[in-house]
1. Tell me whether segment 151-158 contains one or more residues that are aliphatic (A, V, I, L, M) and either exposed (fewer than 13 other Cβ atoms within 10 Å of the Cβ) or not in a helix (DSSP H, G or I) (or both).
2. Any residue at all in segment 123-137 that's closer than 16 Å to residue 43 by Cβ, at pLDDT 95 or above and either hydrophobic (A, V, I, L, M, F, W, C) or surrounded by 14 or more Cβ atoms within 10 Å (Cβ to Cβ) (or both)?
3. Can you report the number of residues in segment 102-116 which are without any contact (Cβ under 8 Å) to a residue 40 or more places away in the chain, aliphatic (A, V, I, L, M) and closer than 15 Å to residue 58 by Cβ?
4. Is there a residue being under 27 Å from residue 169 (Cβ atoms), surrounded by fewer than 23 Cβ atoms within 10 Å (Cβ to Cβ) and at pLDDT 95 or above anywhere in segment 69-83?
5. Give me a count of the residues in segment 19-39 that are at pLDDT below 95 and either of a type in the set (Ser, Thr, Tyr) or surrounded by 23 or more Cβ atoms within 10 Å (Cβ to Cβ) (or both).
6. Determine which single condition residue 97 fails, assuming it passes every other condition in (1) assigned to a loop (DSSP other than H, G, I, E, B); (2) under 22 Å from residue 24 (Cβ atoms).
Amino acid sequence: MERKKTQTHLKNMVLAALFAAMVYVFTAFVKIPTHQGYIHIGDGMIYLAAALLPTPYAMAAGAVGAALSDYLSGYAIWVLPTMLIKALTAALFTCKKDTILNKRNLFSLFPASVVCIAGYYLASAAIYGDFGAALADVPTNFIQSLCSAVLFAALGKSLDKMHFKKSPLFAFFAHH
């Protein structure tokens, strides 16, 4: 029993690392610069990780992948807020359903956007000491959340059409 638990933990860690890499790539390389940072679609990968992995692993994948992107892109000041915001975002979704696009995960897109927008607003106000100036990033964070939701929905729909969560490949890797 202990060996099976260790194997499951290892498989989940490997998948979390792969998702962290995907979050990093979709955050660092698929982006549009803004006045204080950039708009990206990496959150879509966080949502997907959270729909496929147990919550702690999805939280780690989102936090690590997004924080690496901030750090390696020259935005080190955002690493800690990003880790907290992205981990909270991942915690809103579930992997315990048969499909990626289920009611809970679709509903979670709204609070995930709120966490992202409010989290970065508060972090920006704290970092720059100006609540008024922090409002300037609200529209770009809204666009980022919307684009990530569209990516998640498109990927989720495609994977659900393939019955990915019931496939032998997924069963081999993911044991909840």
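The values are calculated or read from the model by the stated rules, or taken from the named source; none is laboratory data. If you're wondering where the values come from, they're calculated on a predicted model, not measured in any experiment. With ideal geometry, Cβ positions are generated from the backbone for all residues, glycine too; neighbour counts draw on all protein chains shown.
1. Yes, segment 151-158 contains a residue that is aliphatic (A, V, I, L, M) and either exposed (fewer than 13 other Cβ atoms within 10 Å of the Cβ) or not in a helix (DSSP H, G or I) (or both).
2. Yes, some residue in segment 123-137 is closer than 16 Å to residue 43 by Cβ, at pLDDT 95 or above and either hydrophobic (A, V, I, L, M, F, W, C) or surrounded by 14 or more Cβ atoms within 10 Å (Cβ to Cβ) (or both).
3. Going through segment 102-116 one residue at a time, the tally reaches 1.
4. Within segment 69-83, none of the residues are under 27 Å from residue 169 (Cβ atoms), surrounded by fewer than 23 Cβ atoms within 10 Å (Cβ to Cβ) and at pLDDT 95 or above.
5. 2
6. (2)
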